[in-house]
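Below is one structure, written out as structure tokens, with a few remarks after it.
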Amino acid sequence: MNASLIQKNADLEPDLKQWFDEASRTFGWDLVMMLDRKSINQILLQDYIARFDAQSYLPPMSGVPESGEGELTELVGLRYDLPRLSFDEVDLSDPTATLRMRLIGGVRLQWNTSGAVRKLRSISYLSPINTDVLEQPVNLRSASASSVGNQIVLDLGSGAFTENIPKARLHCGLTGKARRAVGAWTAHWLSERPPALKEYILTELKETELSLFRPRHIRLLTQVQNPRSVRGADDHGEGAVLAFVALEGGQTGTLPSRRDVTSGNWKYLLGGRGGYSSCWIFDRVALIRLIMSNTFSGEITGPNSTVAASNPGTLIKRSYTDYTGIQHIGVSFSTTSSLHFDYRAVSHQPGSAWDTLWGKFSVPLYEKDEYNNVYGVLSWAITGMLQTGQLERFKPGAWGSSKYVVMDYKKLDTQGRVAIGYDFEMLFACMPSVQDGAVEFGPVASWVSTKTPEVPPSELSRLAQKAVFDEIREVISHCFLAAAENINTIVRRNVLFSGSQAITLDAFYQSHDVVLAGHLDYAFTIDIQEALIDVGTQLQLRITAQKPVEWRASLIEGSASDVGYVDEQGLYHSAGAISGAYARVRISARSGDYVTYALITVSAAALQISPAVQLVTAGSLARYFIRGGSTAAWSWDTAALKGQLVAPVPEPGEHFEEGEMQYIPPGTAEVGGNYLVDTVRIRSENKTSSADIFVLNGTELYTLKIKRYLPDESAELSVFDAAGREVNVPLFKAAGGGTLNGNIVSSGVAPDKPYIIVMALTDIPSIGVFYGVLLLPLPLSVLDNTASRAALMGEPLKMPTFVHTPGGRSHDL
């Protein structure tokens, strides 16, 4: 996503400056980032949509988790979107994120195992309209992120995922216990998938030859603005996401806790008068090392010099004005927070004499003072006959961009080697500044010597000191100025969301750390980023942009004719018909360099009720649930309903979804016969959808089983009495689609309903009515490779070995 960047020149608030003046706040890390939670979640959503393609799904999921006492649920070919991550609004003590996986297809078979007769009780055909979602919490204190190629990847395969499996919940049409059980089973299934499915891409890094920002290890936390306020209050805020970063070649540290907030060692840094949604705290040593090491890896060209790499860690500097010679400068970095120079220069002087300077210099980087000290030892030797002359004055000349001094020599007959050794101290400025909204990091003009600038002619060591000092100054100057235009540019060019800029840093402060504050701005986004619509409908999308917007619709999944189109005003027209149950389309809006996305799911159906069919008992006090959904506003139609639909009352730990109702079956007298098909309907404008509730009335005596499966979506049925003996009782089709011919049930070419109910019924005078009932999904091929296929034949069969259940357990039907 390409965010609309805010550019302004600002400063940190005085209380924050004072807090940063007291101590370093990086907790031993190279970099600490605090990002607005709402903004980063918005950016992550855009990043997710931008990457979404036909492979953005989990493998089909099948299994039989325990779903409560007396119940088992078989999941058949469930298809989930790949997980989408969002950070939760929780404090440092329990930092969490949530993975959300939308269920868009599959079948759910609900079995009743409480009675003597095991029975398939309900069938649900799942689609995007069901809006079933699996939510899996992730413990961020147990998670870690790292750089993989040019992506920052969060590893979810560790304890961060598995320790929260019991907290997973599937938002679907099941009882509370069943939701939690099925959710935990699904989360466990995901935990056993290959590593690639448990790695979440947080963001991308721009890959360049001189890329400065290369994270090696990242730890994530969340923090609320005011932990004492009530959620939703004005002072509660949206919260923040914290990233503690060790860069390549850098260091890891510790993580702050709520105790650190109480003691003042850590605080919430966003908001305030500046309204900041992003704050970056660089360890000062790490930042200078980052820039210096990057610069010394390439060639530096200035107005009077060129620096190029020769051997590793060595630079050759040449082409000076008014000077002939070669200077070899070696640079190394130490863990003692210092930058070290090894200097050696061999120069040809007038009169065929050669002088040699060599020395070692140390620049401490971790100091709060305005000037950094340069410490070193220099030796200077002159070899050969120097020109005879009068030592009258120092002659100023140009060495690089600075002044240096050349002596006019008096008679000085020097044979052999003359060496002068000494210690010296120099101070120079290396300060960041804010200019025109950009943070410049480089040396300032003034360079200060602890020695008197006027050097007496007799002190030849001062000449060497001045020359070497100017040399170091020019090298460091080139390093900083050539490394990057400013720190803002470093971050914006190297840390990208969806391959585009999304960060601006416009306030600066240097103390123990280098602190930058600014904004994450997602103002350039389509007003609707995720939508579910049905075929033949329109969806108006809007966006605010300074330049004309180019709209485009691209197909993610489906046939070429399923894509529809979006016009110049952002009105999306879905296809009049699609080839499957749904199609996925990505809408992009581009304005200049900025682009944003929306993910549209087009459904072949406009409404759906789940389960499609279920068996209930007249007058039963058991709880039965039903759920409606639509691509538009809808309502229940209960005009012809014999039973009742009421709002469900949650039991402790239960949570019901929008559109979910409890069905109360009619009493035995109201049924008025052996069974009743109670049809539930929902309406949306001129469209309707229905589901059947099969109400049984009487005593269940017979058990119906599949005797054998036949070709062409058919099966032969058999009937057994209470003693387990096969009996010859006539069968009839009581409801649903398909056909029944004698005891042969068939799916048919195109069944008008996705199930069939077959009954065996005996009315014994003066005794009562006895029945047996069998519910089957249509087409029968739905049962292929399922546990239910064998269970419907009366055979207990464990799940195939390729299907996992929590703790490695499998369940019998």
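The values are calculated or read from the model by the stated rules, or taken from the named source; none is laboratory data. Quick caveat, the model's predicted, so the values are computed rather than measured. Counting neighbours? That spans all protein chains shown, and the Cβs are built from the backbone with ideal geometry, glycine included.
Within segment 577-611, the residues that satisfy the criterion of being assigned to a loop (DSSP other than H, G, I, E, B) and surrounded by 20 or more Cβ atoms within 10 Å (Cβ to Cβ) are Ile578, Ala606, Pro611. Residues in segment 248-280 that are assigned to a loop (DSSP other than H, G, I, E, B), within 24 Å of the chain's Cα centre (by Cα) and of a type in the set (A, V, I, L, M, F, W, C): Leu255, Leu269, Leu270. The set of residues in segment 43-67 being surrounded by 20 or more Cβ atoms within 10 Å (Cβ to Cβ) and in a loop (DSSP other than H, G, I, E, B) consists of Val64, Pro65, Ser67. The lone criterion from (1) crowded, with 16+ Cβ neighbours inside 10 Å; (2) at pLDDT below 65; (3) part of a loop (DSSP other than H, G, I, E, B) left unmet by Asp235 is number (1). All of (1) touching a strand residue (DSSP E or B) at 6+ places or on another chain (Cβ under 7 Å); (2) not assigned by TED's automatic domain parsing to the domain that holds Ser620 hold for Ala750 with one exception: (1).
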